[in-house]
Amino acid sequence: MDDWISDLLIFCAGLAGGVLVASVKPYLSAAKTRRTQLVAARARMLADLKEKHDGEILEQAFRTTEAIKGELDKSLDTLRLTLDTMLPLNGAPENQPGRPVVQLSEPVKPN
C-alpha cells in the first residue's frame, strides 16, 4: 500500500512540473522575442546615426572643397593681374617667337 502512494505522489509532482513548465515557457519566449526586437531597434538606430554622421562629414567636405576652389579662383585672378601688369613693363611683345606663351583658362565658378 505504501508503494502506490509514493508512486501517485511522484506522478502528481510530474504533472505539476509539466503544467508549470508549460505555463512559464511562453513568458520566457516572449521575453526572448522582446530582447531580439530591442537588439534590432538598437542596430537600426546605430545605423541611422552612422549614416547621418557620414552625411555630415560629406557635407563638410563639399563645403571645404568649394571654399578651396574659391581661394584658388582668387589666386588665379591675382596671378592673371600680376602677369598682365608685369608683361607689358618688360617691353617684350606678346607674340615674341623665342618666348613661351602662358595661356590661362577662365576660372570655373562654383555652383
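The values are calculated or read from the model by the stated rules, or taken from the named source; none is laboratory data. Remember, it's a predicted structure, so these values are computed and weren't measured experimentally. Backbone-built Cβ (ideal geometry, glycine too); neighbour counts: all protein chains shown. SASA here: full protein model, heavy atoms, side chains in, ligands and nucleic acids out. Shrake-Rupley method; radii C 1.70, N 1.55, O 1.52, S 1.80 Å.
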(request) Go through region 30-53 and count every residue that is of a type in the set (Ser, Thr, Tyr) and at pLDDT below 80. (result) 0
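Let's see how each residue does on (1) over 30 Å from Ser105 (Cβ atoms); (2) modelled with pLDDT under 85:
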| position | (1), (2) |
| --- | --- |
| Ala13 | yes, no |
| Val21 | yes, no |
| Leu76 | no, no |
| Pro88 | no, yes |
(request) Can you give me the number of residues within region 31-70 that are closer than 30 Å to Glu106 by Cβ and either open to solvent by less than 100 Å² (accessible area, probe 1.4 Å) or among the aliphatic types (A, V, I, L, M) (or both)? (result) 10
(message) For the list (1) under 31 Å from the mean Cα position of the chain (by Cα); (2) modelled with pLDDT under 80; (3) part of a helix (DSSP H, G or I), I need the number of the one condition that Asp3 fails.
(response) (1)
